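Asker: The structure follows.
The values are calculated or read from the model by the stated rules, or taken from the named source; none is laboratory data. None of the values given here were measured: they were computed from a predicted structure. Backbone-built Cβ (ideal geometry, glycine too); neighbour counts: all protein chains shown. Quick note on the areas: whole protein, heavy atoms, side chains included, nothing else; ligands and nucleic acids left out. Shrake-Rupley method; radii C 1.70, N 1.55, O 1.52, S 1.80 Å.
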Amino acid sequence: MLYLVIENFQKERISMKRIAVLTSGGDCSGMNATIRAVVRASLAAGAEVIGFQKGFSGLIKGLSEPLTTRSVSGILQRGGTFLQSARCPEMHTEEGLNRAVESLQRLNIDGLAVIGGDGSLRGALALHRHGIKVMGIPASIDNDIPFTDMSLGVDTALNNIIYAVDCVKDTASSHDRAFLIETMGRNCGYLAVVAAIACGAEHALIPEADYDIEEICNNLKRRFEEGRDNSILMVAEGVGHAQEIAEQIKDRVGFETRIMVLGHYQRGGSPSTFDRLLGARFGAGTVEALLKGEAGKMVGLCCGRLEFTDLDKVLASGRRPIDQVLLKLATVLGI
Ligand code: F6P
């Protein structure tokens, strides 16, 4: 399914003495696997590696540490990011950007790998425009980054959600209950709709599709009257709080529902095999690309292969739209 990387690596590589890596924005599982791959691939090419702590804010403050194979040993199976992460409003200012550039120059960094979501890739692009050789690695449970079929962390988040929903179904069916389960994803309903398909939910309320609350309530009442012992509604945070939707439903159906807000639980935990492998490919592929002289691009997984797209193209095209085939599948399955 996933295989390495760019051909003719040894033959065409250029000399880079120091490669740096940072994780930025909301964390996700698989970031450690990616850092590890950046470190190991860089060392294999004879470059030193520097890790910046706490994302761009650590870069601006010069919070750095040398990374060796020892530094990345034992982290592959851990969620989160051992370099830590942060959101960094200073990167939106010229002063913050200049400080970031100075920090990179002071440490003689030849190439930088930025692992993160939309905002982090914007930071990477800004650095590229200031002459830094930077590459982006898409990491966000939201799966809203274009020019990659999957971002890092999505698969693990889905596994977390599915485990939680399966557990809730057990208790729901013991009490003839309807549950609303709120997923993250910002304005993207990907997690909610995939989880609905994978868990056999009755409805998925997502920002990308209209829904009719009356129709949903009629369906819930019908299921209740037919003696169905549970109903599951996945609610993407982009449509509002599950609590508010539960209030609207309660008034219409005449029975209580329960809610579960999955929150940050979705972002943590040991990464799935898919995310470990994706992190390994993204990390090693990014280093190879830097060594080939590429910069200002984002690595992506496109139909099973690694592709590199200019960051300005990635960021100009807005959020990745939800796959219409996925929505059709959900409809066909009665969601
Ligand atoms: O972008 C990732 C994400 O987890 C979103 O799904 C969510 O809306 C947001 O980050 C939460 O951000 P924070 O960790 O700052 O609360």
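Asker: Rolling a 1.4 angstrom probe over the protein heavy atoms, how many square angstrom per residue are accessible across the chain?
Answerer: I get 44 Å² per residue for the chain.
Asker: Where Rh is the Kirkwood radius over the Cα pairs of the range 154-267, the temperature 10 °C and the viscosity 1.306 mPa s, what D in µm²/s does Stokes-Einstein return?
Answerer: D = 115 µm²/s.
Asker: If I compute solvent accessible area with a 1.4 Å probe over the protein chains, what percent of it on the chain is carbon and sulfur?
Answerer: Here carbon and sulfur together make up 48 percent of the probe-accessible area.
Asker: Another question about this same structure. Determine the dipole magnitude for the chain: charges of +1 sit on the beta-carbon of Lys and Arg, -1 on that of Asp and Glu, nothing else is charged, the reference point is the Cα centre, and the result goes in debye to the nearest 20.
Answerer: So the dipole magnitude of the chain works out to roughly 1440 debye.
Asker: Too long at a 27 Å Cα-Cα cut-off: which of Lys17/Lys313; Lys297/Lys328; Lys17/Lys54?
Answerer: In this structure, Lys17/Lys313; Lys297/Lys328 exceed 27 Å between Cα atoms.
Asker: Once amide H atoms are placed 1.01 Å from N in the peptide plane, what residues at a sequence separation of 5 or more from Arg18, or on another chain, have their amide H within under 5 Å of its amide H?
Answerer: Distant-sequence amide H within range of Arg18: Glu48, Asp110, Gly111.
Asker: Taking a cut-off of 24 Å between Cα atoms, list the lysines near Lys169, but don't count ones fewer than 8 places away on the same chain.
Answerer: Lys221, Lys250
Asker: Further question: About its Cα centre, how strong a charge dipole does the range 154-267 have in debye, to the nearest 20, once Lys and Arg get +1 and Asp and Glu get -1 at the Cβ?
Answerer: 240 debye
Asker: Could you give each residue of the range 123-139 its phi-based ³J(HN,Hα) in whole Hz, using Karplus coefficients 6.51, -1.76, 1.60 with θ = phi - 60°, and x for Gly or Pro?
Answerer: x, 4, 5, 4, 5, 4, 5, 9, x, 8, 7, 10, 10, x, 10, x, 9
Asker: Between Glu182, Glu244, Glu256, find the one with the highest GNM mean-square fluctuation for the chain; connect C-alpha pairs within less than 10 Å.
Answerer: Among Glu182, Glu244, Glu256, the largest mean-square fluctuation in the Gaussian network model of the chain belongs to Glu244.
Asker: Another question, then. Karplus couplings for the range 161-171 from phi (6.51 cos²θ - 1.76 cosθ + 1.60, θ = phi - 60°), rounded to Hz, Gly and Pro as x?
Answerer: So the Karplus estimates, Gly and Pro as x, are 4, 5, 4, 5, 5, 4, 4, 5, 4, 4, 6 Hz.
Asker: Output the peptides 35-43, 265-273 sorted from most to least packed, where packing is the average of other Cβ atoms within 10 Å over each peptide's residues.
Answerer: Going by the mean number of other Cβ atoms within 10 Å, highest first, we get 35-43, 265-273.
Asker: What residue among Val325, Val287, Val194 has the largest mean-square fluctuation in a Gaussian network model of the chain, using Cα springs under 10 Å?
Answerer: Per the Cα network of the chain with a 10 Å cutoff, Val325 tops the list.
Asker: Gaussian network model of the chain, Cα springs within a sub-10 Å range: biggest mean-square fluctuation belongs to which of Ile132, Ile245, Ile19?
Answerer: Ile245
Asker: Which whole number in µm²/s is D for the chain by Stokes-Einstein, with the Kirkwood Rh taken over Cα pairs at 37 °C and 0.692 mPa s?
Answerer: Rounded, D is 157 µm²/s.
Asker: Quick one: angle between helix 31-44 and the longest Cα principal axis of the chain, in degrees between 0 and 90, rounded to 10, please.
Answerer: 20 degrees
Asker: Taking θ as phi - 60°, what are the ³J(HN,Hα) couplings along the range 323-330 by the Karplus curve (6.51, -1.76, 1.60), each to the nearest whole Hz, with x for Gly and Pro?
Answerer: Whole-Hz 3J(HN,Hα) from phi for the range 323-330: 5, 5, 5, 5, 5, 5, 4, 4.
Asker: Calculate for the chain the 222 nm mean residue ellipticity that helices alone would give, adding -39,500 (n - 2.57) per DSSP H run of length 4 or more and normalising by residue count, nearest 500 deg cm²/dmol.
Answerer: Working: 12 runs with 140 residues, N = 335.
When only DSSP H runs of four or more count, the value is -13000 deg cm²/dmol.
Asker: Moving on. Using amide H atoms built 1.01 Å from N in the peptide plane, name the residues 5+ places from Met150, or on other chains, whose amide H lies under 5 Å from its own.
Answerer: Leu301
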